[in-house]
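For reference, the structure is listed below as structure tokens.
The values are calculated or read from the model by the stated rules, or taken from the named source; none is laboratory data. Predicted model only: the values in this text are computed from it and were never measured. Backbone-built Cβ (ideal geometry, glycine too); neighbour counts: all protein chains shown.
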Amino acid sequence: MIKILKLEIILFWIAVGFYAISTFMYVTALTFKKEKFFPKATLLVKIGLVVHSIALIARWIEVGHGPYMTPYEVLSSNAWMSTVAFLLLQYRNKKLRVLGTFVMPAVFIMVGIAVMSSAEAGNVPSSFLLYWLIVHVLFAKLAYGSSMISGGLAGLYLYKERSDRLNKSNYLLDKLPSIEQLDVLSYKFGAFAFIMLGVMIASGAVWANKAWGRYWGWDPVETWAFISWLIYALYLHLRVMIGWRGKKAAWLAVFSFLMVVFSYFGITFIYPTVHENLTV
């Protein structure tokens, strides 16, 4: 087991290297208008994802549970899900390769924090070995990945809108979808994140009842996950019912993503929580 875990850590570091170089290339491509860097950066992300996937599978086999127990596992798997979401999106629309300028730095930060955490395998409480926990974690990953894409698209909208408003020509930004299309795409991923968060909370409540004998206990992680869901509900309400579009909606999409990040990771550093041994 120790040898395989060491191999997994080596593979993880290799993936980190590919992500780091791709991040540099994405930022360079946008900053210095080097369009030819985008396909190369995307290729590096794909290679890194393959290596990263092998590392996660190796760990799963050896420790006997999914990547959701320790901060190292959680950050690694969330970075993996965000990368998959980005690659699927840019595969459907090559114009959105530039989104990597926002997504990959966030992925690199996540894996950077992960490698600073302990990679030792933790003991799994028997209450965690439940089917509903797997469902809960799966939808948590989907919620995080879609939220990041929504926030990234909103960031692109704000960047492109400002450039258009100031008449600053940038041929790379000109190759992006229109700001109207970016606005709609951000909304769609935000709506998907809202649904995934709702399923995550509901499945987590069922699991909590099985594990701890109660559906809801106002634990800080539970509470802030619910607050994040409400913020997305507000975002959708303002957009659909009030007609919010453009900058206001984009800023709210960015804020919604930041709240998801806080509820996933930040809250455990501030308040004691029963989720300390499980940060999905």
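Only one of 176, 252 is aliphatic (A, V, I, L, M) and more than 18 Å from the chain's Cα centre (by Cα). Can you tell me which?
Values: 252 fails: more than 18 Å from the chain's Cα centre (by Cα).
Within the list 176, 252, the selection yields 176.
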Next item on the list: Could you list all residues from segment 6-36 that are within 21 Å of the chain's Cα centre (by Cα) and within 19 Å of residue 96 (Cβ to Cβ)?
Entry: 19, 22, 23, 25, 26, 27
Margin query: Out of the residues in segment 256-280 meeting the condition of being of a type in the set (Ser, Thr, Tyr), in a helix (DSSP H, G or I) and under 17 Å from residue 217 (Cβ atoms), tell me which one is modelled with the highest pLDDT.
Written below: 263
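From the list 50, 45, 103, exactly one residue is free of Cβ contacts under 8 Å to residues at least 60 places away in the same chain, under 19 Å from the mean Cα position of the chain (by Cα) and more than 25 Å from residue 261 (Cβ to Cβ). Which is it? Give the steps one after another, and end with the answer.
Numbers: 45 fails: more than 25 Å from residue 261 (Cβ to Cβ); 103 fails: more than 25 Å from residue 261 (Cβ to Cβ).
On inspection, the qualifying residue turns out to be 50.
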Notebook entry, point to check: Hey, among 40, 33, which residue is without any contact (Cβ under 8 Å) to a residue 40 or more places away in the chain, surrounded by fewer than 22 Cβ atoms within 10 Å (Cβ to Cβ) and under 28 Å from residue 159 (Cβ atoms)?
Noted result: 40
Item checked: Cβ-Cβ under 6 Å pairs, at least 6 apart or on other chains, segment 3-24 side more than 20 Å from residue 58 (Cα to Cα), far side modelled with pLDDT of 90 or more -> 21/44; 22/41; 22/44; 22/45
Next item on the list: Return the residue satisfying two criteria in turn: it lies in segment 172-218 and is of a type in the set (Ser, Thr, Tyr) and touching a residue at least 12 places away in the same chain (Cβ under 8 Å), and of such residues it is surrounded by the fewest Cβ atoms within 10 Å (Cβ to Cβ).
Entry: 203
Notebook entry, point to check: Hey, among the residues in segment 242-251 that are at negative phi and touching a residue at least 40 places away in the same chain (Cβ under 8 Å), which one's surrounded by the most Cβ atoms within 10 Å (Cβ to Cβ)?
Noted result: 250
